[in-house]
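Participant: I'd like to ask you about the structure that follows.
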Amino acid sequence: MEPYKVIKNPLSTEKAVRLMESENKLLFVVDQKAGKVEVKEAIEKLFSVKVVKVNILNDVKGRKKAYVKLSHETPAIDVATELGLM
């Protein structure tokens with residue numbers, strides 16, 4: 001699957017910002033058919049970062065969210081700034 005089809009958009013909620021600062025995680029809305037491996041590959045390809053772990057959650061609004069934990073070499077806040085979230 002193409003990276004831009006897997007990742008729909010980043011989320012910048014209060015909780016997402018807290019996760020960026022405390023746990024080095026980013027939060028994205030992803031395609032319903034995407035799995036953890038596809039999300040990991042798409043994030044690594046789009047942002048040139050090392051992904052440590054991906055957790056996926058289907059919320060009550062019908063969206064599929066991916067919690068992406070980045071390695072210590074790349075702070076999540078730097079990627080969020082690059083995306084224009086911060």
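Participant: Residue check: is GLU38 of a type in the set (Asp, Glu) and surrounded by fewer than 18 Cβ atoms within 10 Å (Cβ to Cβ)?
Facilitator: no
Participant: Here is a further query. Looking only at region 10-26, which residues are surrounded by 11 or more Cβ atoms within 10 Å (Cβ to Cβ) and among the polar types (S, T, N, Q)?
Facilitator: Hits for region 10-26 are SER12, ASN24.
Participant: For VAL60, state whether it is in contact with a helix residue (DSSP H, G or I) (Cβ under 7 Å, 6 or more places away or on another chain) and of a type outside the set (S, T, N, Q).
Facilitator: It is false that VAL60 is in contact with a helix residue (DSSP H, G or I) (Cβ under 7 Å, 6 or more places away or on another chain) and of a type outside the set (S, T, N, Q).
Participant: Pairs needed: first member in region 60-80, crowded, with 17+ Cβ neighbours inside 10 Å; second member anywhere, assigned to a strand (DSSP E or B) and basic (Lys, Arg); C-beta distance under 9 Å; at least 6 residues apart or different chains.
Facilitator: LYS64/LYS8; TYR67/LYS25; TYR67/LYS53; VAL68/LYS25; VAL68/LYS53; LEU70/LYS25; ALA76/LYS25; ALA76/LYS69
Participant: Taking the stated definitions as given, is ILE43 buried (at least 18 other Cβ atoms within 10 Å of the Cβ), of a type outside the set (Lys, Arg) and touching a strand residue (DSSP E or B) at 6+ places or on another chain (Cβ under 6 Å)?
Facilitator: For ILE43, the condition - buried (at least 18 other Cβ atoms within 10 Å of the Cβ), of a type outside the set (Lys, Arg) and touching a strand residue (DSSP E or B) at 6+ places or on another chain (Cβ under 6 Å) - is met.
Just so you know, all these numbers are worked out from the coordinates, no wet-lab data involved. Computed from a predicted structure; not experimentally measured. No Cβ is skipped: glycine too gets one built from the backbone with ideal geometry, and neighbour counts run over all protein chains shown.
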